[in-house]
Amino acid sequence: MKTKLIVAAALLASVSVLQVPALAQNEGRAQLRLTIVDETNVPLPNANVTVYTISGPRTVNADEKGVVVVADLPVEMTQWWVRTPGHLSSADATKLKAGENKQAVTLHTVKSESGGY
């Protein structure tokens, strides 16, 4: 019985030691998740997003749900610029924290100028 307890304790200790490097690897890194919608809250698929960090810019397109996920970012002030045809562009910035950071971005439809004065 005592041998089983020692084996169980050793197994538990080895599992927790193996998890520490994986946690340490992600420490200090951030993930930015942007959800891009129009003013009626309809997702904007294929919106073009450029994320600017000290490491340089990264450009990606939103998926069919208007979502962009940019991983492995430094924990620092980060800016992004979102654009898609038929909508006004949007730029914003935030200080990322370690782990997941979620932001919603609303793009407004370009209004026609044919209304007169």
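Annotations for the structure displayed:
- Condition check for residue 85: of a type outside the set (D, E, K, R), open to solvent by 20 Å² or more (accessible area, probe 1.4 Å), at pLDDT 95 or above and not in a strand (DSSP E or B): yes
- Set 95, 111: member being open to solvent by 80 Å² or more (accessible area, probe 1.4 Å), free of Cβ contacts under 8 Å to residues at least 40 places away in the same chain and under 16 Å from the mean Cα position of the chain (by Cα): 95
- Residues in segment 66-83 include none that are out of contact with any His (no Cβ under 7 Å at 6 or more places or on another chain), more than 21 Å from residue 29 (Cα to Cα) and hydroxyl-bearing (Ser, Thr, Tyr).
- Every residue from segment 55-81 that is surrounded by fewer than 14 Cβ atoms within 10 Å (Cβ to Cβ), farther than 20 Å from residue 100 by Cβ and hydrophobic (A, V, I, L, M, F, W, C): none
- Residues (more than 11 Å from the chain's Cα centre (by Cα) and in a strand (DSSP E or B)) located in segment 61-77: 61, 74, 77
- Hits in segment 1-38 (condition: at pLDDT below 95 and open to solvent by less than 80 Å² (accessible area, probe 1.4 Å)): 8, 9, 10, 13, 14, 15, 16, 21, 22, 24, 28
- Count of residues meeting criterion [farther than 20 Å from residue 65 by Cα and among the aromatic types (Phe, Trp, Tyr)] in segment 76-107: 0
The values are calculated or read from the model by the stated rules, or taken from the named source; none is laboratory data. A quick note: this is a predicted structure, and the numbers were derived from the prediction, not measured. FYI the Cβ positions are ideal-geometry reconstructions off the backbone, even for glycines, and counts take in every protein chain you see. Heads up: the accessible areas ignore ligands, DNA and RNA and are worked out on the full protein's heavy atoms, side chains in. Shrake-Rupley method; radii C 1.70, N 1.55, O 1.52, S 1.80 Å.
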